[in-house]
Structures are given as structure tokens and as C-alpha cells.
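What follows is a single structure, written as C-alpha cells, with notes after it.
The values are calculated or read from the model by the stated rules, or taken from the named source; none is laboratory data. Worth saying up front: this structure is predicted, and the values here are computed from it rather than measured. Cβ placement follows ideal geometry from the backbone for every residue including glycine, while neighbour counts extend to all protein chains displayed. Please note that ligands, DNA and RNA were not included when accessible areas were found on the heavy atoms of the full protein model with its side chains. Shrake-Rupley method; radii C 1.70, N 1.55, O 1.52, S 1.80 Å.
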Amino acid sequence: FKEWRLAYGKSYGPSQDLEFRTKVFYQNFLKVKEMSKQAKSYTVGLNKFSDMTEEEFVAKYTGYNPSTSRLLEKNKRVGADELGKPAKKVDWRRRGAVNPIKNQGRCGSCWAFATVHSIEAAHAIKSGELLDLSEQQLVDCAGGIWFNHGCNGGLPSFAFRYIRHAGGLTKQSEYPYNAKDGSCQHPKDLYAKLDTWVNVKSDVESVEAAVTQQPLAIAIHANPIMHYTSGIFEDQHCGTQLNHAVGLDGYGSQGGQDYWIVRNSWGTDWGEDGYIRMAKGTGARGGTCGLLMETS
């Protein structure tokens, strides 16, 4: 624990807080040890979340609002028959369509990051210009009648509605991210506009066809990936209680095992430089950790 604290620059206040964090760390240490025995295609380990309970982790580092996800059904869902033939493999990171990994910090704003990522990519594919757009604009401005709640969660679908109404998104440099709720600054200079969007049917072929066209905003059950470090994540116990919005940047195969390329918003010091590869075509309902269930 002392070595871990030194490595991650962790310090604590009163002695009871140190005692509590020590216990939590030890519980996570045992969990990682047990998970390591069962994991075959991926690795887990101690990371920057290792002094947090699972409940704290979910509350501070996720933010997909499942209670309102049923409203997504009002929007059209398209399938492979409408989207066209999927490519054999896709990786938008190699095609200049995605920015470096970002970090939402201790703010349940994953929905804003997934939304911005998909719009940055769509704009880059269409115009050839990769912009760094503002998540903070969504955190501050896309609440109220748009049904998002800043650092307390939201949905990409609702964020899309706000962006269309507002006329677009401004740049990160003009409305920087601070991982806190704030009052809307109503930016005047808007650089990426949105006409419409669709949701994708919840099957492998449809999602393949969609991400062949551009990176997507998706949702997953994030609890089991708290300790992920590398490899192709496959966990039959991973549920479909969606609580975290992420990006989908493509798919591929390694050693005969197919995987999705999932972009997170927890910084580059988590996972594979901020990404996680999740098993594809496992037959699990809704895909690994439910990643096929709510795709925009």
C-alpha cells in the first residue's frame, strides 16, 4: 500500500481515513488476485482506483443515466441493411479521426465525453479537420429541458438534441473542461454542427456497419472493468446494467479472438493507454458488458 501510494501520489487526512483506505485497498488487492486466476485473455492489476470502493468508483467515474434510456426508443433504430456492408476490420485511431484520450476526472460526465468524441470524429471524417471540442459546454448547458445532469449523469441522445438546438459545439480552448458543474456560458463561436443522428440496432452486424462509417457513442456496465489493465476483456459475469458512456472506435481480431475497440475517458494511465478491447461475438445478451444495447 505504501508503494502504491507513492506511485500514485496519494495522501490522506485523519487517521481513520487512512485506516479505511487501507482496508479498501486490501479488499481490492484480494479481488485483483482472484480475478487474475480466472482471466484468460486479459490482465487486471492495481491502478489509480484501487483505494476506492466499487460504489465510490461508479458514483465518481461513470455517469450514464439508465433511468432515462428508455426514451431513446422514440428515436429511429437502424440496422445493417440500411447502413451498408461492414469492413473486415476498423480502427479510426489510425485514420486521423479521433483525438488523444481525455479524462473526465471525478465528475459523472462520461455522457458528454462520448457525445463529443462521436461529433469530433464525424466532423473530421466529413471536413478533414479534427477539432478538440468542449465537453464542459455540455456539462454546463445541456441540463434542464435537455434532461442531463452535468456531473450527475446524462445521455448522449439528450446531448445530441441540445447540440442541434444550440447550433453546435465550441472548442475546448474556448470553453475548457474543469470537471465541475457550472453555469452555462452560452458560447457564440460554434464549430461543429449537428443535423440528425440515429440509434443502432443491438446486434453485432448492425454495430459493425455503423462503426465502419464513424466512431460511435455507446454504453456499458463499467463495474467489472475497474481493475482492467490490458488484453481482450471477456467476463461472462459482466452484466447489462448500463452506467457508463464510452466511444466505439472499431473492431479487430488477435489470435483468432475478435474484439471491439472501446475508448474510455479515464485518462491514459488506465487500460491500454486509455482504451479497452472487449470481446466481440461472445453470444452474451447485449454483447460484452451490454455494449451493443444503446449505440448512437
Note to self: I'd like to check one number: the per residue accessible area of the chain, probe 1.4 Å, reported in Å² as a whole number.
What the structure shows: 47 Å²
Next item on the list: Take the cross-link list Lys102/Lys280; Lys31/Lys201; Lys2/Lys60; Lys10/Lys201 and give me the ones stretching past 32 Å between alpha-carbons.
Entry: Lys31/Lys201; Lys10/Lys201
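Starting with the highest mean, order 213-225, 250-262 by the number of other Cβ atoms within 10 Å, averaged over the residues of each peptide.
Peptide ranking by packing, descending: 213-225, 250-262.
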Check: Using a Förster distance of 51 Å, how high is the FRET efficiency between Lys193 and Thr22, based on the Cβ-Cβ distance and rounded to 0.05?
Finding: 0.50
Check: For the pair Gln185 and Ser173, how long in nm is the line joining their label points, each one 7 Å along Cα→Cβ?
Finding: 1.4 nm
Check: Separation between the Val78 and Leu130 pseudo-spin-labels, each 7 Å from Cα along Cα→Cβ, expressed in nm?
Finding: 2.4 nm
Item checked: Residue-averaged 222 nm ellipticity for the chain, from DSSP H runs of 4+ at -39500 (n - 2.57), nearest 500 -> -9000 deg cm²/dmol
Check: More than 25 Å apart: what percent of Cα pairs in the stretch 143-296 qualify?
Finding: 34 percent
Check: In percent, what relative contact order does the stretch 150-244 have, based on Cα pairs under 8 Å that are 6 or more apart in sequence?
Finding: 24 percent
Margin query: Can you match Rg/Rh (Cα atoms, Kirkwood Rh) to one of these, [x] 0.97; [y] 1.06; [z] 1.02, based on a calculation from the structure here?
Written below: [x]
Next item on the list: Can you tell me the relative contact order of the stretch 2-119? Whole percent, Cα pairs under 8 Å, sequence separation 6 or more.
Entry: 26 percent
Notebook entry, point to check: From the square roots a ≥ b ≥ c of the eigenvalues of the alpha-carbon gyration tensor of the stretch 1-118, which class results: rounded (a/c under 1.5), prolate (a/b over b/c), or oblate?
Noted result: prolate
Notebook entry, point to check: Measuring from label point to label point, each 7 Å out along Cα→Cβ, what is the Ile145 to Lys85 span in nm?
Noted result: 4.6 nm
Checklist line | Mean separation of Cα contacts under 8 Å, 6 or more apart, over the residue count of the stretch 202-286: relative contact order % | finding: 30 percent
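Note the full-extension length gain between Gln241 and Asp273 as 0.36 nm times their separation in residues minus their Cα-Cα distance, in nm to one decimal.
9.0 nm
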